[in-house]
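Enquirer: A single structure is presented below for examination.
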Amino acid sequence: MLSKEQLFSTRITFLFLVFGITFLNAQIQVSTDLNVITSLKSNATMYVAGDEVHSIDYILKNEGNLNFRPLKDFKNNYGFTKDHLWIKFEIENVSNEDLFAYLQTARPITDVATFYEIGHNEVISLQKSGDVIPFQEKSVRNRKSVFKVFIPSNSTLSGIIHLKSDGEVVMLPLDLIPTDYFLETTYKEQMFYGLFYGILFMAFIVYLFFYFGLKDVAFAYYSLYVFFIALMQFSLDGFFHQYITPNGGWLSNYAVLLTALLSLLFFVKYGSEFLGVKKQNKWLYNSYLGMCLVILIALGALVVIPGFLSITYPIANAIGLVVLVQALTTLVYYRKKEISVDPSFVMGISFLVFGFIVFILNNFNAVESSFFTDNGAKFGIGLEITFLSISMSKRIRTLRMENEKNQLLALQRAEDMNEIKSSFISNISHELRTPLNLIMGVAHSLKEKKQEKEIGEKCELILNSSENLLGHIDDILDFTVIEKGNQELKQCPFNISTAIQKVLDENQLKAKQKGLDFNIDIPSNLPGRIIGDRLKLIRIIDHLLDNSIKFTSTGKVTFNLRYRIEEESKFYLNLEVSDSGTGITKEKMSTIFEAFTKKSFLDKREFSGLGLGLFIVKNYVDLHNGTIDIKNNEGGGTKFNVNLVLGYDAELNTTLVDKDEEEAYDLDGARILLVEDNKMNQQVIKLMAKKWKNTTLSIANNGKEGLDLLCREDFDIVLMDLQMPVMDGFEAIAMIRGGKVSSKVTNIPIVVLTADSTDKTRKEIFRLGVNDYATKPINCKLVYRKISRSLTFKKAS
């Protein structure tokens, strides 16, 4: 704080200065009480030497003959120039104390700024500044073109300043700044610039991350635009020379123009991409492309043509004006066409346009130089970054919402595709099982007649091929269920010995056909019944045995079974399948349980199959919370070891004892209604019914015919297909159970015969109230038992 005496002295000094400047044109008088910036322009004169290169000695000797004009006749902004400028002035210290201050001249990017202190027509001292010399060689190591001034008490300082630029705008401030005030101002400027450039740098980093995250090229263009506009201001303020190119050189000289043109290029690309100009107007889009081409040509000429540097400054400013006009034209066009543009984007561009117009007009000397006009670009950029950041945040939100919408659509499409795939699998299963039903039914019928040995052998071939095809169909269905994640374990009692023996017999026959030994080791005291999923256990054993037989050419296949019962409710089952085949490579071990893989990718057709067997095994084992291990035998071949946990009920094994008795096939006068549209399937059931004693079979071709027959005639049981024309099985079952046919048939036993073996279908038919179901191809014994069981339950109820 200044004392009252100092304040009074300052005011007196200020009035004296004004008075002196008014009546004296020879020199400026100052005192040590100087505490404000004092302009020396009213006293100074300037000689414009053009492109003539003079030494200071020449200037001193010919001072009277040179056209030195008052500096106040020139505007503070001299404009784009390569001229050599010589400015002379005098400062008188009227106080009794020495004066220390700083003299500020030109802009930070001025190439040459030299201060000569003159005494008796000779140079007393020399100070240098400018960005063509190394920063360390500046007399005052500051980004600005400033010099230290020392004036002894009651003495006068005579000075001459030489300025030279490479074509950039030259400013002509000639300000004497008190030392303390200069240091304080420098500190505040550093704080302001640190905040300004920090915000720009953070914007560059943030939007670059958004680009890599969202893959929207608008973020990349905007990020690069912010980066180069920051570098341009960094260069104009002298920081580029101070911190990046302290030794000067080519990059230091070209930094302003390079960064300015690159920022304009990315601004044009950003505007075109953000506004979607390509989609809205072809001619407008071509103008953006043309502007990019112009900027690239200017960049190329700047780098390739040495003499192009000086004229590039006004060209770059002119391009900047055109780019801003182009942006405004686009916004006006969008407004006229009622095309939606984010208001924040409009505000940001407006501030940028206003700031740069002021800045460029100042460069062209169209407006007076002032703090506001000198820093117009900074104000415009700061406000533009703020509003465009708001606009970009809205774009991020829009992209996120679009991404979420696309994800929902993709999820819906995936679900639709799963439904389509499931429907396709169900349909293809139905279409394949239907002819197989006839083939296997006829083959069974012919085989059982045993009239000729040759016919029996051919029937056996037909049955084996059909069972192989049926196995592949089951694999596809299993894979589909596993892929959808809908698989589940059934917990039903079943005879483990009977179930395992059947699959062992089938695989023993395969081994015999290949000339392999088939060894079986099963404990004799295996329980009669356990609780679990009979079908999945059979599939695990069957796939393991089939895999070993398939990849074993000579030698043997061995099946071992071990078990233990704990807590009288858990049945721990250990299965081991080993062979003497080719074994599995270490590379293949890691993928052996993946879908559609075989022993080797080079198998081609050497080994048959779909490559789904071990994939299904692994998933079924996991479903049991069990384990499966695989390793190569020392003597060759592989060994699979499976551990499963199933349920056990001791009471069940004492009360339910299986009887291996011969089937009588006597249905005791049962009247059966078959509802089936396929003629081949009708023939198969007819062949089966001929073997069932005391049985009457009637046939309906669709659900509607079936319901009509139920109304007219009495039946004991219905065999119902599901996929039929006119009325399908689902609708027919629902009407029967709903009492819409006749009250006397509401509880009639219904056994579904279908080619659709999916869990979804099974759940749906039991929900509708059927008694049982069997999948096609139909097994004669199985169907008979299901009919017999359903009739028994009817009589019991």
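Enquirer: Quickly work out the residue 574-to-residue 698 label distance, labels modelled 7 Å from Cα along the C-beta direction, and quote it in nm with one decimal.
Expert: 5.9 nm
Enquirer: Right, next: Which GluC sites (Glu not before Pro) does the range 670-751 hold that lie in a coil by DSSP with at most 16 other beta carbons within 10 Å? Write down the numbers at each step before the final one.
Expert: On the way: sites: 676, 705, 713, 731; in loops: 676, 713.
When the GluC sites (Glu not before Pro) of the range 670-751 are filtered for loop state and at most 16 Cβ neighbours within 10 Å, 713 remain.
Enquirer: Expressed as a whole number of Å, what is the distance separating the alpha-carbon centroids of the range 224-278 and the range 531-569?
Expert: 73 Å
Enquirer: Follow-up question, since we're still on this one. Which of the residue pairs 512/586; 82/144; 164/269; 744/776; 691/763 have a Cα-Cα distance greater than 27 Å in the structure shown?
Expert: Values: 512/586 30 Å; 82/144 19 Å; 164/269 36 Å; 744/776 29 Å; 691/763 31 Å.
From the list (512/586; 82/144; 164/269; 744/776; 691/763), the Cα-Cα distance tops 27 Å for 512/586; 164/269; 744/776; 691/763.
Enquirer: State whether the range 666-796 is rounded, prolate or oblate according to the following rule on the C-alpha gyration tensor (a ≥ b ≥ c being the square roots of its eigenvalues): a/c under 1.5 gives rounded; otherwise a/b larger than b/c gives prolate, and the remaining case gives oblate. Intermediate results must be reported in sequence, preceding the final value.
Expert: Numbers: a/c = 1.26, a/b = 1.10, b/c = 1.14.
It is rounded, given that a/c, with a ≥ b ≥ c, falls under 1.5.
Enquirer: Would you mind getting me the FRET efficiency between residue 520 and residue 634? Use the beta-carbon distance for r and R0 = 30 Å, nearest 0.05. Don't skip to the end; give the middle numbers.
Expert: Details: r = 22 Å, r/R0 = 0.74.
The formula returns an efficiency of 0.85 here.
Enquirer: Provide the FRET efficiency to the nearest 0.05 for the residue 714-residue 686 pair, computing r from the beta carbons and using R0 = 25 Å.
Expert: On the way: r = 21 Å, r/R0 = 0.82.
FRET efficiency, residue 714 to residue 686: 0.75.
Enquirer: Another question, if that's okay. Could you tell me which of the pairs 550/690; 490/781; 337/394 are separated by over 32 angstrom between their Cα atoms in the structure shown?
Expert: Details: 550/690 39 Å; 490/781 22 Å; 337/394 22 Å.
Table pairs above 32 Å Cα-Cα are 550/690.
Enquirer: To the nearest 0.05, what FRET efficiency results for residue 247 and residue 413 with a Förster distance of 51 Å applied to their C-beta separation?
Expert: Details: r = 61 Å, r/R0 = 1.19.
Calculated value: 0.25.
Enquirer: Just grab the label-to-label distance for residue 742 and residue 137, each label 7 Å out from Cα along the Cβ direction, in nm (one decimal).
Expert: 11.8 nm
Where a number appears in this text, it was derived from the coordinates with a stated rule and is not lab data. The shown structure was predicted, so the numbers you read here are calculated from the model rather than taken from an experiment. No Cβ is skipped: glycine too gets one built from the backbone with ideal geometry, and neighbour counts run over all protein chains shown.
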